[in-house]
Structure formats: C-alpha cells, structure tokens
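A short worksheet on the structure shown next.
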Amino acid sequence: MNPKILEGKVALVTGGARGIGAGIAEVLARAGAQIAIGDLVGGKHTAYRLADHDELDATLARLSNAGVEPFSIHLDVTQSASCNSALAAVLDHFGRLDILVNNAGIVRSGLVGDLDESDWDQMFAVNSKGLFLMSRAALPALKESQGAIVNIASVAGLQGHAGMSAYCGSKFAAIGITQSFAQEFAGDGIRVNAVCPGFLATAMWLDHLLPASDAEESQEERAARFEAMMNKMVPLGRPQTPDDIGEAVLQLATAPNITGVALPVAGGAIMR
Ligand SMILES: NC(=O)c1ccc[n+]([C@@H]2O[C@H](COP(=O)([O-])OP(=O)(O)OC[C@H]3O[C@@H](n4cnc5c(N)ncnc54)[C@H](O)[C@@H]3O)[C@@H](O)[C@H]2O)c1
C-alpha cells in the first residue's frame with residue numbers, strides 16, 4: 001500500500017481524544033490524512049472518567065509529531081445539533097470530509113437487575129444512535145468526496161455475555177446499522193464498514209471491566225494483570241493495541257470494493 005494513500009484526504013475521528021480513537025487518528029495521519037478529533041472532553045459517565053483536556057492535548061501533540069496540524073472540536077455524538085455543528089466546523093476548517101470514524105463509545109457492565117435505566121439509555125445513545133446522528137450530518141460531504149464511514153463496534157457486537165446486555169446490545173445494533181447504511185449509501189458511492197476490536201488496555205478495561213484484585217494495585221500493576229490475562233486468553237497471545245485497530249480502519253477506509261463488513265481484530269479470540 002502507498003504509505004501516503006490518504007494524502008489530500010480529511011478524516012474525522014469521534015472519541016479521538018485518547019485510547020483507540022487516538023490510535024486510529026495517528027495511523028490515518030501517518031497515511032497522510034488531515035485529522036479532526038471530535039470528543040466530549042470533560043464529559044460525565046457513571047462508570048469511569050471520560051477523556052480530559054490533558055489526554056486530548058497529549059494526543060494532539062502526538063499528531064503534530066506525525067506531521068499534521070490536527071483540528072479538535074467539542075462533540076457530543078448523542079446530540080444532533082452538536083453533530084451538525086462539528087461537521088460544519090470540519091468543513092469550514094478543511095473544506096472537505098473523506099473519512100468518518102464513528103469511534104466514540106462507553107461501557108457499563110452490570111447484571112440486568114442492577115443496571116439503571118439511564119445507563120442502558122446512555123449506552124444506546126452513544127454506541128448506536130451516535131452512529132446515526134453523526135453519519136446523517138456527514139452524508140452530504142461524504143457524497144461529494146465519495147468517502148467512507150468506519151464504525152467501531154466490538155467483538156461484544158458478535159457474541160452476547162452475561163452482565164454486558166446493554167453494551168452487547170448497543171454493539172450488535174452498531175453492526176446492523178453498518179450493514180443497513182452500507183446498502184443504503186452504496187448508490188451514492190459511500191462505503192460503510194465496521195471494525196470489531198477485541199481487548200485493549202484502555203480506560204474501559206483498566207478503570208471498569210477488569211475485575212478488582214485483592215491487593216492495592218497501581219495503574220501499572222493493573223495494566224500488567226490485564227496483559228497477562230489476555231496473553232492467556234487470546235490465541236495470538238497478546239491483547240490488541242490502538243495501532244492494530246487503526247491499521248484495520250485504514251484498510252477498510254481505502255478498500256474500494258468492500259462495504260458492509262464487520263471485521264474482528266481480536267487475535268483470533270472470535271472468528272466470523
Ligand atoms: N477497549 C476495548 O477493549 C474495546 C473493545 C471493543 C470495542 N471498543 C470500542 O472502541 C471505542 C473506543 O473505546 P476506548 O477503549 O478507546 O475507550 P475510551 O474511553 O478510552 O475512549 C472513548 C472516547 O469516547 C469519548 N466519548 C464518550 N462519550 C462521548 C460522546 N457522547 N460524544 C463524543 N465523545 C464521547 C470519550 O471522552 C473518550 O475519549 C468504543 O466505541 C468502544 O466501545 C473498545
């Protein structure tokens with residue numbers, strides 16, 4: 001693949017202030033794209049802390065080191081007005097949009113009897129409805145550029161798990177939305193695919209999903225425990241990295257005759 005295959009293209013990555021979204025933005029920047037990051041920096045979630053300004057600044061600095069001048073926008077993907085104004089800001093700044101990566105997402109585990117209705121609603125608002133609001137806002141620009149959408153679903157969108165009904169349901173929905181958009185937008189020359197990440201040491205796992213340990217643990221010790229657990233569980237012998245997910249997004253964003261797929265990037269932990 002031409003290392004600068006995205007030269008002259010513009011990508012918007014939602015939830016790109018840290019974690020997987022930041023990794024995706026870096027891979028797309030290395031491929032030559034101009035990058036816009038949209039994130040609810042400083043936003044509230046009941047289970048763990050969302051991205052803060054320091055994390056966003058660190059990501060913007062890494063993107064600058066990769067040779068781009070990133071543009072960042074405050075965005076709440078659950079609000080239609082916020083999606084519309086983020087899109088308008090990207091077009092105002094860069095003049096075009098070629099790739100929309102719907103990566104923003106939240107998780108909260110909990111058995112059905114313990115799960116608050118508001119947490120259920122919030123997961124579907126971000127992980128499922130967010131794809132609709134953001135993609136609808138981007139549609140005219142993507143028609144013009146003959147661009148692509150990549151939705152970040154999850155292996156949790158391919159297999160249900162006890163204690164994960166809201167998250168899994170919202171990610172199954174993300175895959176259904178991906179397939180429906182792929183059919184609906186094909187005639188407009190817009191391809192729509194999903195990546196299903198496996199297990200990454202981001203806030204979702206380290207600050208929420210990883211079971212508590214008996215000992216007082218530092219963040220480094222937690223990260224090492226996560227890594228050891230995944231080394232045993234994942235057939236390829238390691239957890240995934242934001243770079244792994246970014247490479248898959250780049251492949252799907254540039255594959256001219258692929259639309260409607262949901263690609264697991266999970267080291268063989270799930271095979272579809
Ligand atoms: N970490 C994993 O193992 C894993 C596995 C499979 C799928 N995923 C998915 O990958 C995506 C990224 O997750 P991550 O692991 O990097 O988690 P993360 O919490 O580090 O990143 C999520 C980002 O989304 C932002 N965000 C949350 N709500 C938002 C909203 N309403 N509007 C805009 N931005 C919002 C947060 O501020 C944060 O920067 C999510 O869709 C997640 O479901 C993660």
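Read-outs throughout are calculated quantities, based only on the coordinates presented, and are distinct from any laboratory measurement. Keep in mind the model is a prediction, meaning the values are calculated, not measured. All Cβ positions, glycine included, derive from the backbone under ideal geometry; neighbour counts span all protein chains shown.
Brief remarks follow.
- Cα-Cα separations in the range 168-272 greater than 23 Å, expressed as whole percent: 39 percent
- Each Lys or Arg adds one and each Asp or Glu subtracts one; over the other residues with Cβ under 13 Å from the Cβ of Phe226, this totals -1.
- Cut-off 14 Å between beta-carbons: net charge of the residues surrounding Ala29, Lys and Arg +1, Asp and Glu -1: -2
- Computed helical MRE - 222 nm, the chain, DSSP H runs ≥ 4 contributing -39500 (n - 2.57), nearest 500: -13500 deg cm²/dmol
- Tensor-based shape of the range 158-200 (alpha-carbon gyration tensor, a/c under 1.5 rounded, otherwise prolate or oblate): prolate
- In terms of the mean number of neighbouring beta-carbon atoms within 10 Å, the peptides 111-121, 190-200 order highest first as 190-200, 111-121.
- Candidate cross-link partners of Lys9 among the lysines, defined by an alpha-carbon separation under 22 Å and a same-chain spacing of 8 or more, comprise Lys143.
- Were the residues from Glu69 through Asn2 laid out at 0.36 nm apart, the gain over their Cα-Cα distance would be 22.0 nm.
- Straight-distance candidates among the lysines for linking to Lys171, with alpha-carbon spacing under 16 Å and chain neighbours fewer than 8 residues away dropped: Lys129.
- Translational diffusion of the chain was estimated from the Stokes-Einstein equation, with Rh taken as the Kirkwood radius over Cα pairs; at 20 °C and 1.002 mPa s the coefficient is 115 µm²/s.
- Percentage relative contact order, the chain, counting C-alpha pairs under 8 Å, at least six apart: 19 percent
- Sorting 48-57, 83-92 by average packing, meaning the other beta carbons within 10 Å per residue, from highest down gives 83-92, 48-57.
- For His45, the residues whose amide H sits under 5 Å from its own are Leu50, ignoring neighbours fewer than 5 places away on the same chain, with H placed 1.01 Å from N.
- Debye, to nearest 20: dipole size of the range 17-128, +1 on Lys, Arg Cβ, -1 on Asp, Glu Cβ: 340 debye
- Ellipsoid equivalent to the range 94-228 - semi-axes via the Cα gyration tensor, in Å: 32, 17, 12
- Our summary gives the range 140-200 a relative contact order of 47 percent, counting only alpha carbon pairs under 8 angstrom and 6 or more residues apart.
- When you filter the GluC sites (Glu not before Pro) in the range 149-255 for DSSP loop state and at most 12 other Cβ atoms inside 10 Å of their Cβ, you are left with Glu216.
- Assuming charge only on the beta carbon of Lys and Arg (+1) and of Asp and Glu (-1), the dipole of the chain about its Cα centre is about 860 debye to the nearest 20.
- Seen from every direction in turn and averaged, the convex hull around the alpha carbons of the range 1-129 projects onto 8.4 nm².
- Rounded to whole Hz, the Karplus (6.51, -1.76, 1.60) HN-Hα couplings of the range 219-228, x for glycine and proline: 4, 5, 5, 4, 4, 5, 5, 4, 4, 4
- Summed residue charge, Cβ within 14 Å of Ser165's Cβ, Lys/Arg positive, Asp/Glu negative: -3
- The range 226-272: Cα Rg divided by the 2.2 N^0.38 Å rule of thumb: 1.31
- Normalised by the number of residues in the range 70-141, the mean separation of alpha-carbon contacts (under 8 Å, six or more apart) gives a relative contact order of 44 percent.
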